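S.K.: Can you read through this structure? Questions will come right after.
No lab work stands behind these numbers, since they all come straight from the coordinates. Computed from a predicted structure; not experimentally measured. Here the Cβ positions follow ideal geometry from the backbone for every residue, glycine too, while neighbour counts run over all protein chains shown.
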Amino acid sequence: MQTHKSLQLIIDSLPLLFQGACMTIQVALGGIAIGLVFGILVGIIQSKKLKIFGLSQVLDFYILVMRGTPIYVQLLLVYYALPDILGINLSPFAAGVITIGFNSVAYIAETVRGGMNAIFDGQWDACYVLGYSLPATLYHIIVPQVIRAILPGLMNELIVLVKETSIISTIGLLELTKIGTNINARALDPITIYLAIALFYLFMTSILALGARFLETRFLEKGYAHDTQ
Amino acid sequence: MIHSKNLFLILQQKKIHKKILHDISCHIKKAKITTFIGNSGGGKTSLLKCMATLYKDYQGDILVDGIDLKILSPKERAQLIGFVFQQFNLFPHMTVKQNCMHPILSVLNVSKTIAEEKALEILDMLGMREHQNSYPAQLSGGQQQRVAIARALALGPQVLLLDEPTSALDPQSSKSLQDILKNLCKTGITIVLSSHDMTFVRGVSDEVYFVEAGVIADAHDLAQGAVNSESKIGLFLNHN
């Protein structure tokens, strides 16, 4: 009887849960876009070969702050304090994307920096003697190797990012967790609702994990992982 | 072909200035194979790296056909001098063909068809065409060496520098490399290399320089006759 009730509750809630999942995906995609673009850029700039005195210290401080403070506090600052400081009003969606995105920039940058520093100096030397420009060296030779090397860590960060979107429920954005909380307030069946939400998150993160595994397998097939350089 | 005049190189290692090369002057002849020999840490690799401007902070001059390497653009320099690294430094995410094609496409801005033809022609010359779709990690040391030479030749350099080219090769591959270098030399390419492998040095060199503690301690043109067994080169050749 209870099972039947739970099943019926899930079926009835599905349209709303899908709506919430769509919002979660939108926030996650926005965050991933910001995180990847700026994270890769900052990671490259912070690598030992390309460090710029002055800028490097500023970026170090940014990474220290972003990694050293809770993302919840960062979200509250962006949503409640930033409008006071800059005189602009941010929607919960914009505040969420900005917070999630710029928080992940710090983590992705550190992952990329580690990957860049792990590239054998000989690869840079080879590009130099072959007359490659710096952009060509980075785009064609160094970054593709870095991405392959850091793929597991990078995908880990993206999976964490998807799960972190649930924190935006605290500023009222109707994403998956917030919708689940609202449904539970009416249905009073936390086990069913929160398990259903957990399955939604599991489905979304599994797609990322499968994508990562697919890419890793492709690289292994190319024999890249057996290289000893 | 290559004139090195009063070459000094000082490198900073952990806040200590270390003299690497001290007043090196030498003349490397066109379309000949010149070898730098000597003990480890003597400065052979550093000298080659100066010739490729991988070390740019040297004092003195390195002139190739009268041209100072430091004033050349990256493209001009790459078309003048090719470098084969001791550890090959092939691009691991590219196939053998891509390793040779990519520099042509990227630096010379020619069409993909022309770049592919040129790459395959060089791979054919070095007997590596059948491995064109393999990745470097799937090849033996000798095969990687050939691909590294092919890549260095892709831009049509007049000078080919090779750092310890036989360090990862078995005796048969080493012999095969001798033939490859001699054939390249016949096409007009000037070859400069550093080596510890005295069998290889005897078999391939036209001229030998002995580098010790950053200076050229002895030199011998093998075309002028046998090496004096009491000279530094003679002693080194006979004891290694």
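S.K.: So what's segment B:160-240 giving for Rg/Rh, alpha carbon basis, Kirkwood Rh from the mean inverse pair distance?
M.R.: Reported Rg/Rh (Cα atoms, Kirkwood Rh): 0.95.
S.K.: Dividing the Cα radius of gyration by the Kirkwood radius, what Rg/Rh value follows for segment B:80-186?
M.R.: 0.93
S.K.: What number, in percent, do you get for the relative contact order of chain A if the mean sequence gap of Cα pairs under 8 Å and at least 6 apart is divided by its residue count?
M.R.: It rounds to 30 percent for chain A.
S.K.: Return the Cα extents of segment A:2-221 along principal axes one, two and three, sorted largest first, each rounded to a whole Å.
M.R.: 71, 50, 23
S.K.: How far apart, in nm, are the 7 Å Cα→Cβ label points at B:Asn109 and A:Ala94?
M.R.: 4.2
S.K.: Debye calculation, C-alpha points only, no solvent: report log10 I(q)/I(0) for segment A:168-223 at q = 0.12, 0.19, 0.27 Å⁻¹, in the same order as the q values.
M.R.: Those come out to -0.44, -0.71, -1.01, one per q.
S.K.: Okay, moving on. Rounded to the nearest 500, what is the 222 nm mean residue ellipticity of chain A from helices alone, with -39500 (n - 2.57) per DSSP H run of 4+ residues and division by all residues?
M.R.: -25500 deg cm²/dmol
S.K.: May I ask for the equivalent-ellipsoid semi-axes of segment A:7-83, computed as the square root of five times each C-alpha gyration tensor eigenvalue and listed largest first in whole Å?
M.R.: Ellipsoid half-lengths, sorted descending, are 37, 16, 10 Å.
S.K.: Same structure, new question: Tilt of helix A:55-68 relative to the longest C-alpha principal axis of chain A, in degrees (0 to 90, nearest 10)?
M.R.: Tilt relative to chain A: about 30 degrees.
S.K.: Of the peptides B:114-125, B:91-102, A:109-120, how do they stack up when ordered by the mean number of other Cβ atoms within 10 Å, highest first?
M.R.: B:91-102, A:109-120, B:114-125
S.K.: Further question: For B:Leu235, A:Leu161, A:Leu86, B:Leu80, what ranking results if the residue with the fewest other Cβ atoms within 10 Å of its Cβ goes first?
M.R.: A:Leu86, B:Leu235, B:Leu80, A:Leu161
S.K.: Can you list the trypsin sites (Lys or Arg not before Pro) in segment B:6-47 that are in a DSSP coil and have 14 or fewer other beta carbons within 10 angstrom?
M.R.: Here the sparse-neighbourhood loop sites are B:Lys14, B:Lys15, B:Lys29, B:Lys30.
S.K.: Where a Cα-Cα gap under 18 Å defines reach, which lysines qualify for A:Lys163, not counting those fewer than 8 residues away within the same chain?
M.R.: Cross-link targets: A:Lys178.
S.K.: Here's a follow-up. Under 21 Å between alpha carbons, and skipping anything fewer than 8 positions from B:Lys112 in its own chain: which lysines qualify?
M.R.: Straight-line reach from B:Lys112, under 21 Å: B:Lys75, B:Lys97.
S.K.: What percent does the relative contact order of chain B come to when contacts are Cα pairs within less than 8 Å and at least six residues apart? Intermediate values should be presented prior to the final figure.
M.R.: Numbers: 448 pairs, mean separation 66.2, N = 240.
After rounding, I find 28 percent.
S.K.: Rg (Å, one decimal) plus Dmax (Å, integer) for the alpha carbons of the protein assembly as shown?
M.R.: When restricted to Cα atoms, the protein assembly as shown yields Rg and Dmax of 29.9, 104 Å.
S.K.: I need the calculated FRET efficiency for the pair B:Ile16 and A:Asp84, taking r as the beta carbon distance and R₀ as 60 Å, to the nearest 0.05.
M.R.: Once rounded, the FRET efficiency stands at 0.65.
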